[in-house]
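Student: Before I ask anything, here is the structure I am working with.
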Amino acid sequence: MTGEDRKTILEARNLHKRYQLGKNNYVHALRGASLEIFDGEMAAIMGPSGSGKSTMMHILGCLDRPDEGEVWLAGRRVDNLGGRELTAIRSREIGFVFQGFNLIPTLSALDNVALAAEYAGASRRQARDLAKQELSRVGLGERLDHRPSELSGGEQQRVAIARALVNDPAVVLGDEPTGDLDSATSDEIVSMLRRINEEKRTTFLLVTHNPEVGSACDRVIDMRDGIVGAGATS
Ligand SMILES: Nc1ncnc2c1ncn2[C@@H]1O[C@H](COP(=O)(O)OP(=O)(O)OP(=O)(O)O)[C@@H](O)[C@H]1O
Ligand SMILES: [Mg+2]
């Protein structure tokens with residue numbers, strides 16, 4: 001991507017977040033963190049444990065609010081929206097992929113993905129059609145009826161990726177999406193995300209400790225002590 005055709009899809013402006021521990025004791029997890037993610041890119045956030053990466057992802061994903069600062073998604077300020085609007089944004093505009101997959105154990109792969117589409121407003125039938133399409137995209141077209149316990153870790157993460165993609169969100173956020181996978185499976189998942197990024201131009205922002213995941217991305221954003229290091233908006 002060249003400099004001129006980059007459109008910002010997600011932006012954090014000067015975020016602060018403190019977690020209260022005791023009466024006069026708190027952790028200042030974000031201390032004025034800013035970053036800008038461009039439409040269609042695949043970016044990584046890397047940094048030491050405790051540097052605020054998950055806190056940043058929760059706030060970017062509208063799962064938590066900053067104490068100060070702003071979050072903008074697709075041209076709209078989202079950190080100050082009310083609960084109902086936030087729920088709608090979380091289900092339609094943001095896809096999540098977590099380290100522990102977070103699938104519903106009693107539901108098939110198909111139903112895990114279809115449920116996310118139904119939450120976003122699709123009919124049951126539309127939701128199942130969309131779910132089949134996304135599960136085929138991640139190579140699980142033959143595993144639709146398997147429950148999570150009947151799938152490998154890599155396959156479970158592919159179901160989670162299909163679920164994250166099913167509503168065609170503005171951005172997919174992943175917090176250590178390969179953290180629970182062996183290195184060969186991790187490589188497969190990252191290649192798959194790269195392919196989806198190239199095919200659909202889905203924007204991905206991935207927190208990772210794995211340098212190979214970082215180097216598969218277009219750009220690595222460094223976090224340290226609650227702030228984003230130099231190069232974040234280069
Ligand atoms: N719910 C919480 N209550 C209190 N402190 C918290 C909470 N969540 C995070 N923290 C603290 O905030 C700081 C940033 O935590 P965060 O989870 O964002 O780091 P991280 O960069 O994701 O680390 P890791 O790489 O280990 O996942 C840490 O000092 C952590 O102990
Ligand atoms: Mg973390």
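The values are calculated or read from the model by the stated rules, or taken from the named source; none is laboratory data. In this text, all values refer to a predicted model and were calculated from it rather than measured experimentally. Cβ atoms come from the backbone with ideal geometry, glycine included; neighbour counts cover every protein chain shown.
Student: Does any residue of the range 111-121 turn out to be touching a residue at least 60 places away in the same chain (Cβ under 8 Å) and among the polar types (S, T, N, Q)? Step through it out loud before you land on a result.
Tutor: Start the filter on the range 111-121 by keeping residues that are touching a residue at least 60 places away in the same chain (Cβ under 8 Å), which leaves none.
No - not one qualifying residue is present in the range 111-121.
Student: What are the residues in the range 74-107 that are closer than 30 Å to Glu155 by Cβ, touching a strand residue (DSSP E or B) at 6+ places or on another chain (Cβ under 8 Å), in contact (Cβ under 8 Å) with a residue 60 or more places away in the chain and of a type outside the set (Asp, Glu), if any?
Tutor: Across the range 74-107, the qualifying residues are Ile94, Gly95, Phe96, Val97, Phe98, Gln99.
Student: Scan the range 217-234 and report the pairs whose first residue is closer than 13 Å to Glu41 by Cα and whose second residue is modelled with pLDDT under 85, with Cβ atoms within less than 6 Å and a gap of 6+ or a chain change.
Tutor: Ile221/Ala232
Student: Sticking with this one: Answer with yes or no whether Asp129 is among the acidic types (Asp, Glu), without any contact (Cβ under 8 Å) to a residue 40 or more places away in the chain and in contact with a helix residue (DSSP H, G or I) (Cβ under 8 Å, 6 or more places away or on another chain). Spell out how you get there, then give the answer.
Tutor: Numbers: among the acidic types (Asp, Glu): yes; without any contact (Cβ under 8 Å) to a residue 40 or more places away in the chain: yes; in contact with a helix residue (DSSP H, G or I) (Cβ under 8 Å, 6 or more places away or on another chain): no.
Considered against the rule, which asks whether it is among the acidic types (Asp, Glu), without any contact (Cβ under 8 Å) to a residue 40 or more places away in the chain and in contact with a helix residue (DSSP H, G or I) (Cβ under 8 Å, 6 or more places away or on another chain), Asp129 comes out as no.
Student: Further question: Would a scan of the range 62-85 turn up a residue that is within 16 Å of ligand 2 (Cβ to nearest atom) and touching an Asp or Glu at 6+ places or on another chain (Cβ under 9 Å)?
Tutor: no
Student: Still on this model: Can you tell me which condition Arg18 does not meet? The list is (1) within 18 Å of the chain's Cα centre (by Cα); (2) surrounded by 15 or more Cβ atoms within 10 Å (Cβ to Cβ), and all the others hold.
Tutor: The number of the failed condition is (1).
Student: Moving on to the next point. If we scan the range 155-171, do we find a residue that is closer than 21 Å to Ile59 by Cβ, buried (at least 22 other Cβ atoms within 10 Å of the Cβ), in contact (Cβ under 8 Å) with a residue 60 or more places away in the chain and over 18 Å from the mean Cα position of the chain (by Cα)?
Tutor: Scanning the range 155-171, I find no residue that is closer than 21 Å to Ile59 by Cβ, buried (at least 22 other Cβ atoms within 10 Å of the Cβ), in contact (Cβ under 8 Å) with a residue 60 or more places away in the chain and over 18 Å from the mean Cα position of the chain (by Cα), so the answer is no.
Student: Just wondering, is there one or more residues in the range 194-211 that are surrounded by fewer than 19 Cβ atoms within 10 Å (Cβ to Cβ) and touching a Gly at 6+ places or on another chain (Cβ under 8 Å)?
Tutor: Looking through the range 194-211, at least one residue is surrounded by fewer than 19 Cβ atoms within 10 Å (Cβ to Cβ) and touching a Gly at 6+ places or on another chain (Cβ under 8 Å).
Student: So, in the range 39-68, of the ones that are outside any loop (DSSP other than H, G, I, E, B) and more than 15 Å from ligand 1 (Cβ to nearest atom), which residue ends up nearest to Ala120 (Cα to Cα)? Before you say what the answer is, go through the steps one by one.
Tutor: Looking only at the range 39-68, we keep the residues that are outside any loop (DSSP other than H, G, I, E, B), and these are 42-46, 53-60, 68.
Now restrict to residues that are more than 15 Å from ligand 1 (Cβ to nearest atom): 42-43, 68.
Details: Met42: 24, Ala43: 26, Glu68: 29 Å.
Checked the range 39-68; the qualifying residue nearest to Ala120 (Cα to Cα) is Met42.
Student: Being more than 27 Å from Ser191 (Cβ to Cβ), out of contact with any helix residue (DSSP H, G or I) (no Cβ under 7 Å at 6 or more places or on another chain) and not β-branched (Val, Ile, Thr) is true for just one of Glu118, Glu68. Which residue is that?
Tutor: Every option except Glu68 fails the conditions.
Student: Then there is this: Hey, can you tell me all the residues within the range 100-123 that are of a type outside the set (A, V, I, L, M, F, W, C), under 26 Å from Glu176 (Cα atoms) and not in a loop (DSSP other than H, G, I, E, B)?
Tutor: Those that are of a type outside the set (A, V, I, L, M, F, W, C), under 26 Å from Glu176 (Cα atoms) and not in a loop (DSSP other than H, G, I, E, B): Asp111, Asn112, Tyr119.
Student: Is it true that Ala33 is more than 8 Å from ligand 1 (Cβ to nearest atom) and closer than 21 Å to Arg90 by Cβ?
Tutor: It is true that Ala33 is more than 8 Å from ligand 1 (Cβ to nearest atom) and closer than 21 Å to Arg90 by Cβ.
Student: Here's another thing I want to ask about it. Could you please find all residues in the range 53-95 being crowded, with 21+ Cβ neighbours inside 10 Å and more than 24 Å from Arg6 (Cβ to Cβ)?
Tutor: Listed by number, the residues that qualify are Thr55, Pro66.
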